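What follows is a short report on a single structure.
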């Protein structure tokens, strides 16, 4: 499935499924881990999209100071 970042307002990052329109909110814990408070269905792709986005933010901060 194709997931994209809808928005990120710490501590919540919302990821949207571009096919179904489903939105999966994740909470970013202090240690950087992601938590999803909801039904237990397959969110592996959504989680990977959120992690990739957060990693790119970290990389940008490291490069730009």
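Quick note: the coordinates plus some simple rules give every number you see, no bench work behind them. The structure presented is a predicted model; accordingly, all values stated were derived computationally and were not measured. Cβ sites come from the backbone with ideal geometry, for glycine too, and all protein chains shown count toward neighbours.
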Sequence-separation-based contact order of the range 3-65, relative, with Cα cut under 8 Å and 6+ spacing, percent: 26
FRET E, pair residue 55, residue 2, Förster distance 22 Å, beta-carbon r, rounded to 0.05: 0.75
Compactness index (Cα Rg / 2.2 N^0.38 Å), the chain: 1.12
Cβ-derived FRET efficiency at R0 35 Å, residue 41 paired with residue 63, nearest 0.05: 0.45
Nearest-ten-degree value, helix 44-64 long axis tilted from longest Cα axis of the chain: 10
FRET efficiency estimate (nearest 0.05) - Cβ-Cβ, residue 48 to residue 12, R0 30 angstrom: 0.95
